Amino acid sequence: MVAIHSTALGPAVGGCRFKPYRTLEEAVGDVLRLSEAMTAKCAVAGLAFGGGKSVIAPEPGHVLSPGERRAALLDHADLIAEFGGRYQAGPDVGTGPADMLVLREASPYAFCTPESAGGTGSSSGPTALGVLAALRAATGSAAMAGRR
């Protein structure tokens with residue numbers, strides 16, 4: 001599923017989450033909540049993007065074979081392509097640069113592909129730095145030791 005919260009400032013961007021959910025309602029709620037959060041995140045950062053998110057939700061308890069995972073990613077890439085660039089996906093929980101490369105096989109609207117393929121690689125490091133900067137800004141202190 002793909003949720004686009006806003007394209008007022010530009011195309012919606014957000015991660016592609018690959019995880020099982022207990023119910024369809026839980027997956028829908030997550031993708032809607034996260035797409036709205038991406039709109040706020042982009043606005044606060046001053047980026048010319050809106051918020052979106054996507055979810056691939058395999059059946060709980062079913063471990064996908066590599067071929068099944070690839071097929072699910074390609075199906076998802078077809079869905080992303082249908083939006084014609086209004087939604088662009090990056091990695092999120094359960095996905096990484098190699099998965100974004102699979103998405104790129106069927107849709108040009110995936111980013112953070114492996115550096116070896118000319119992409120930017122994993123977004124984990126920059127995301128962690130952003131979280132740390134936000135924590136420091138919220139607390140007014142650079143010292144994070146012992147904080148909860």
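The values are calculated or read from the model by the stated rules, or taken from the named source; none is laboratory data. Computed from a predicted model, the values in this text were never measured in an experiment. Positions of Cβ are backbone-derived with ideal geometry, glycine not excepted, and every protein chain shown enters the neighbour counts. Protein only, heavy atoms only, side chains kept; ligands, DNA and RNA dropped before computing areas. Shrake-Rupley method; radii C 1.70, N 1.55, O 1.52, S 1.80 Å.
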By average C-beta atoms within 10 angstrom, highest first, the peptides 91-98, 67-74 = 91-98, 67-74
message = Take Arg33 and Ala145, extend 7 Å from each Cα along the Cα→Cβ direction, and tell me the distance between the two endpoints in nm.
response = 3.4
ask   = How would you order 123-130, 77-84 from highest to lowest mean count of nearby Cβ atoms within 10 Å?
value = 77-84, 123-130
inquiry  = If each residue of separation counts as 0.36 nm, what is the full-extension length gain between Ala134 and Lys19 once their alpha-carbon separation is subtracted?
reply    = 38.8 nm
query = Of the heavy-atom accessible surface of the chain (probe 1.4 angstrom), what whole percent is carbon and sulfur?
reply = 60
remark   = Among region 1-41, those whose backbone N falls under 18 Å of a label point 7 Å along Cα→Cβ from Glu68 are 1, 18-24
inquiry  = What is the sum of charges, Lys and Arg at +1 and Asp and Glu at -1, for the other residues whose Cβ falls under 12 Å from the Cβ of Ser122?
reply    = -3
query = Ordered by packing density, taken as the mean number of other Cβ atoms within 10 Å over each peptide's residues, highest first, how do 16-22, 53-59 rank?
reply = 53-59, 16-22
request  = Search the structure for amide H atoms under 5 Å from the amide H of Asp92, placed 1.01 Å from N in the peptide plane, and list their residues when 5 or more places away or on another chain.
outcome  = Cys16
key: Whole-number accessible area per residue in Å² for region 2-139, which is evaluated in the context of all protein chains at 1.4 Å   = 54
Positive minus negative residues near Val63 (Lys, Arg vs Asp, Glu; Cβ under 13 Å) = 0
remark   = Dividing the mean separation of Cα pairs under 8 Å (6+ apart) by the residue count of region 2-139 yields a relative contact order in percent of 25
request  = Could you list which residues have their amide H under 5 Å from that of Tyr21, counting only those 5 or more apart in sequence or on another chain, with H placed in the peptide plane?
outcome  = none
